[in-house]
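Below: one structure, written as structure tokens.
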2 protein chains.
Amino acid sequence: MAPAKITNQAERAFNDQLSTPQIPSNSLVLMAFFMEKPTLPKGTRDFGPVQMNRRLKLLDTIRSVFRTYGFQPLETPAMENLSTLTGKYGEEGDQLLFRILNSGDFLKDANQEALTNGDFKKVSASISEKGLRYDLTVPFARYVVMNQHELAMPFRRYQIQPVWRADRPQKGRYREFYQCDADAVGTDSLICEAEIVQMIHLAFTKLGVKDFKIRINHRGILSALAAMAGAEGKEGQFFVALDKLDKIGTEKVLGELAERGISGPQTQKVMELIIAKPGNAVDLFNKLQEIFNDEGKRGINDLKEVYRLLGDHAGSGSLVFDLSLARGLSYYTGCIFEVTISNVAVGSVCGGGRYDNLTMAFGSKEKLSGVGISFGIDRIYDALEELGLFGTDDHYGTRVLICHFDERTRDFAFGLVTQLRSAGIACEVYPDVAKLKKQLDYANRRGLPFVLIVGEEEMTSGKLTLKDLRSGTQQTLPVELIAQTIG
Amino acid sequence: MAPAKITNQAERAFNDQLSTPQIPSNSLVLMAFFMEKPTLPKGTRDFGPVQMNRRLKLLDTIRSVFRTYGFQPLETPAMENLSTLTGKYGEEGDQLLFRILNSGDFLKDANQEALTNGDFKKVSASISEKGLRYDLTVPFARYVVMNQHELAMPFRRYQIQPVWRADRPQKGRYREFYQCDADAVGTDSLICEAEIVQMIHLAFTKLGVKDFKIRINHRGILSALAAMAGAEGKEGQFFVALDKLDKIGTEKVLGELAERGISGPQTQKVMELIIAKPGNAVDLFNKLQEIFNDEGKRGINDLKEVYRLLGDHAGSGSLVFDLSLARGLSYYTGCIFEVTISNVAVGSVCGGGRYDNLTMAFGSKEKLSGVGISFGIDRIYDALEELGLFGTDDHYGTRVLICHFDERTRDFAFGLVTQLRSAGIACEVYPDVAKLKKQLDYANRRGLPFVLIVGEEEMTSGKLTLKDLRSGTQQTLPVELIAQTIG
């Protein structure tokens with residue numbers, strides 16, 4: 001804990017001099033009392049130890065995959081200028097930005113006319129210059145624009161940070177949540193797409209997920225399908241309906257399309273094409289190449305190259321070419337991806353694709369094509385939990401508690417934890433002299449895997465009783481074997 | 001990169017249905033153009049790849065130390081209710097809170113009278129319910145109060161997250177910066193103090209810092225000294241002056257004290273006591289015990305016990321009993337710590353101490369004593385950089401770039417990176433077919449340690465040229481030896 005804020009003038013000077021606020025002046029003045037039980041802002045969460053250890057395991061795994069693939073870490077500030085954020089997410093997005101009140105007397109620059117008229121948007125613009133980031137993409141684009149002359153291209157970055165949205169909170173939807181993105185920009189090479197498939201494969205494999213699908217499609221292919229179905233000028237509506245295929249089935253999709261004036265034998269034929277499950281993606285590519293327009297052919301050529309590059313390498317087996325996959329289409333221009341885990345009802349856990357120009361929104365003239373992927377951390381967490389993949393043996397937490405009976409045995413126990421810690425074992429000595437039952441209760445409440453009990457006899461013999469709290473079994477071990485047994 | 005926000009009604013519905021905003025709706029609408037070059041809010045920073053890899057190394061090291069000592073991770077939301085934050089940091093602290101404008105039409109609940117009077121504080125209270133956390137201590141206390149019945153005591157938590165302060169930005173002082181705290185609450189055992197000394201020792205040793213001091217003192221000792229010096233009722237002023245001893249010397253400290261009415265032979269005598277450098281802390285403890293009041297004796301007894309527990313264990317050698325160490329005294333009640341690194345001018349890099357009651361500010365009746373430590377990440381980063389301890393060989397980044405000459409050799413290179421990645425090596429293939437010079441330039445700009453060059457000959461022989469870009473040397477190796485050479 002950091003030291004207290006000192007309030008009177010002299011003490012403030014002392015405090016300032018001692019160090020900058022980064023270290024000491026961050027703390028409680030205990031004069032203030034709150035008698036009401038504190039609460040969390042709605043839509044936000046604490047991550048306590050059990051969840052955190054699991055989240056760290058999850059994030060460390062994904063981070064190590066990004067690292068292996070040459071993606072470099074980036075962190076940007078939580079606060080961005082509103083001029084950076086607004087206009088990038090549509091009108092609805094602008095309204096979901098959390099805005100930060102200007103410091104000091106913000107009223108003196110407030111738009112008086114807007115205040116009089118009750119125009120809260122204009123007032124807001126005059127009393128708030130900064131907002132909390134809404135995603136990681138706009139800060140990434142801003143970073144690239146600000147550093148374009150220093151960055152070696154192609155630039156691969158990953159970023160794992162929270163974002164904030166003033167959305168209505170509901171189950172599984174939070175106002176603060178992590179995004180976990182990786183993007184490679186500055187190259188059109190389809191090697192990037194192949195690597196993304198491999199990264200996804202490696203990440204889920206490392207997390208212990210066996211049964212998952214990496215669905216792939218292409219913007220060009222979707223455009224060709226829309227053209228063939230007679231949905232020119234109604235692409236968006238065509239894709240909205242198409243994307244429901246898994247949930248509502250062919251008939252209902254055709255019904256929806258008809259309501260929107262997309263119908264006829266061609267529409268029917270396209271739908272048949274989409275639902276046909278070919279034995280082999282390459283056969284389907286060849287078949288489609290004959291009937292597609294130029295945009296469609298471009299899509300097929302890209303996918304063929306991705307499949308060729310992957311060959312028999314890891315990842316290719318999880319890849320599923322899915323003509324009905326349609327993601328955020330106003331943005332993606334090439335391959336698109338989406339990942340689902342079988343047998344869990346959490347929806348898509350990962351998605352991304354290729355886009356034409358990352359930095360256009362910031363007026364950059366240089367066209368910066370890229371491809372990116374976003375891991376849905378909260379959903380992956382839920383899926384791993386549902387599949388029991390976190391396990392009970394938490395190697396991120398304490399492995400053993402050393403219990404004792406009195407000051408003498410506690411001293412011995414303290415020497416022992418010191419020794420085990422030198423061997424890299426995460427361990428604790430119960431700090432107070434207390435009844436053994438209390439110490440064991442503590443270990444059980446914490447869900448620790450092991451306890452060691454130090455009595456007079458153990459001190460003399462140098463042999464200790466190691467109790468496995470999960471199985472209930474115990475064994476007697478010389479000190480030097482403990483580390484390897486529980487490590 | 002996450003997919004685009006789709007703006008028209010039908011497409012929005014599609015987007016909503018596809019998944020919650022956690023995954024897809026976070027992105028750019030590329031319709032909006034910004035012709036001005038974007039900037040960062042003042043007092044904030046981006047952490048680019050080089051800095052981030054170093055920061056990750058630093059934070060991973062400290063995290064692993066916390067873990068080894070049984071401290072458990074906690075994360076709390078960036079936003080807290082203002083009712084949680086205000087009143088905890090003094091009036092000045094309240095003014096440094098970043099406040100978040102309420103969502104939607106915040107004006108309709110605005111305090112009209114205050115608006116008319118231009119009372120920005122009252123207006124602020126009526127249009128803003130949430131703020132950004134100012135430190136990690138208040139959120140920790142809030143978490144403990146909200147979860148006190150579920151937490152097994154003693155509770156050891158660590159927390160590494162950014163905090164925000166609307167301070168005037170200046171060199172080394174940011175509006176967003178990380179804090180890195182560990183606290184053990186719910187026990188008075190001095191084993192916790194001994195463990196904190198060991199943790200600090202382990203952390204700096206792991207970071208490669210050889211020459212550092214862990215200064216220790218005690219609130220009881222400081223109180224006794226103040227009483228002896230005739231500074232009753234002026235403790236704060238006494239400590240302000242005392243803490244300057246290192247910088248301004250004895251004479252000036254005595255002068256400052258005299259200005260504040262603290263003078264005379266007793267003051268002189270106390271100063272002599274403070275500046276005496278005893279050969280041995282234990283001898284000094286014994287000497288002081290004879291002359292101190294009860295508070296001072298309590299302090300000496302605590303320190304003696306910490307020294308006794310540490311014995312010859314690692315950490316004891318770095319410990320320096322320093323009578324002039326005076327940290328945020330309105331808060332600490334027992335041992336206090338501060339760490340300095342020799343030969344770098346960054347000031348204190350770590351500090352903490354024991355306090356009586358963590359949750360009193362939230363009206364908790366149960367007295368929750370604890371001891372905590374805060375690592376000053378930014379300063380430690382600067383110190384490590386100054387001492388050259390990050391090294392040039394960045395094991396957190398890409399180890400090797402594989403270069404090639406055409407599509408055929410690039411395909412081979414892609415197979416090779418796939419193979420190296422399976423062996424856990426972070427590597428890249430240059431994704432485009434490009435001149436070798438361009439590929440090598442990229443590797444040099446990135447500061448990569450190695451490149452491998454794949455030509456027709458290498459493909460045939462299976463022997464590759466590995467070039468060490470730092471030394472300029474190169475060697476020819478069979479594929480199967482590459483991983484172990486560069487790993």
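The values are calculated or read from the model by the stated rules, or taken from the named source; none is laboratory data. Quick caveat: nothing in here was measured; it's all calculated off a predicted structure. Note that each Cβ is placed from the backbone with ideal geometry, even for glycine, and that neighbours are counted across all protein chains shown. Ligands, DNA and RNA are excluded from the accessible area calculation, which covers all protein heavy atoms including side chains. Shrake-Rupley method; radii C 1.70, N 1.55, O 1.52, S 1.80 Å.
Some points to look at:
Listed here are the residues, each with its yes/no results for (1) part of a helix (DSSP H, G or I); (2) facing another protein chain (nearest Cβ under 8 Å).
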site: A:S103; (1), (2): no, yes
site: A:L107; (1), (2): yes, yes
site: A:L115; (1), (2): yes, yes
site: A:E129; (1), (2): no, yes
site: A:F140; (1), (2): yes, yes
site: A:V145; (1), (2): yes, yes
site: A:Q148; (1), (2): no, no
site: A:Q161; (1), (2): no, no
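- Given (1) in the same structural domain as A:I336 (by TED's automatic domain parsing); (2) buried (at least 18 other Cβ atoms within 10 Å of the Cβ); (3) over 24 Å from A:D60 (Cα atoms), index of the condition A:K367 fails: (2)
- Breaking point among (1) farther than 25 Å from A:V282 by Cβ; (2) modelled with pLDDT of 90 or more, for A:G236: (2)
- Top-ranked residue of the stretch B:170-193 - restricted to ones that are more than 19 Å from A:V417 (Cα to Cα) and of a type in the set (S, T, Y), ranked as least open to solvent (accessible area, probe 1.4 Å): B:Y178
- Filter result for B:A182 (small (G, A, S) and within 30 Å of A:I127 (Cα to Cα)): no
- A count restricted to the stretch A:397-441 and to residues that are touching a Pro at 6+ places or on another chain (Cβ under 8 Å) and under 24 Å from A:L56 (Cα atoms) stands at 3.
- Being more than 14 Å from every other protein chain (Cβ to nearest Cβ), in contact (Cβ under 8 Å) with a residue 24 or more places away in the chain and open to solvent by less than 50 Å² (accessible area, probe 1.4 Å) is a condition met by at least one residue of the stretch B:446-453.
- Subset of the stretch B:141-200 [among the hydroxyl-bearing types (S, T, Y) and without any contact (Cβ under 8 Å) to a residue 40 or more places away in the chain]: B:S189
Matching residues to (1) within 24 Å of B:H149 (Cβ to Cβ); (2) open to solvent by 60 Å² or more (accessible area, probe 1.4 Å); (3) of a type in the set (A, V, I, L, M):
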{"residue": "A:E385", "(1), (2), (3)": "yes, yes, no"}
{"residue": "A:A426", "(1), (2), (3)": "no, no, yes"}
{"residue": "A:E458", "(1), (2), (3)": "no, no, no"}
{"residue": "A:L464", "(1), (2), (3)": "no, no, yes"}
{"residue": "A:Q474", "(1), (2), (3)": "no, yes, no"}
{"residue": "A:Q484", "(1), (2), (3)": "no, yes, no"}
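- Filtered by the rule that a residue be of a type in the set (S, T, N, Q) and in contact (Cβ under 8 Å) with a residue 40 or more places away in the chain, the stretch A:297-329 gives A:S316, A:S318, A:S324.
- Only listed residue being modelled with pLDDT under 95 and among the hydrophobic types (A, V, I, L, M, F, W, C), chosen from A:V209, A:V145: A:V145
- Restricting the stretch B:315-340 to residues that are part of a loop (DSSP other than H, G, I, E, B), at pLDDT below 85 and not aliphatic (A, V, I, L, M), the residue that is nearest to B:E386 (Cα to Cα): B:G315
- When B:K108 is tested against (1) buried (at least 17 other Cβ atoms within 10 Å of the Cβ); (2) in contact with a Gly (Cβ under 8 Å, 6 or more places away or on another chain), exactly one condition is not met: (1).
- Positions within the stretch B:399-429 being within 10 Å of chain A (Cβ to nearest Cβ), free of Cβ contacts under 8 Å to residues at least 60 places away in the same chain and in contact with a Lys or Arg (Cβ under 8 Å, 6 or more places away or on another chain), in sequence order: B:L401, B:A426, B:C427, B:E428, B:V429
- From the list B:G347, B:G372, the one residue that fits, being without any contact (Cβ under 8 Å) to a residue 60 or more places away in the chain and either within 27 Å of B:D60 (Cα to Cα) or open to solvent by 10 Å² or more (accessible area, probe 1.4 Å) (or both), is B:G347.
- Taking the criterion of being open to solvent by less than 30 Å² (accessible area, probe 1.4 Å) and more than 8 Å from every other protein chain (Cβ to nearest Cβ), the residues of the stretch B:70-95 that qualify are B:F71, B:L82, B:L85.
- Elements of type strands (runs of 3 or more DSSP E) contained in the stretch A:341-433, each with 2 or more residues being within 24 Å of A:R470 (Cβ to Cβ): A:400-403, A:427-429
- Answer from A:L40, A:L56 - the residue that is touching a strand residue (DSSP E or B) at 6+ places or on another chain (Cβ under 8 Å), facing chain B (nearest Cβ under 8 Å), of a type in the set (A, V, I, L, M, F, W, C) and not in a helix (DSSP H, G or I): A:L40
- A:I341 being within 9 Å of chain B (Cβ to nearest Cβ) and under 22 Å from the mean Cα position of the chain (by Cα): no
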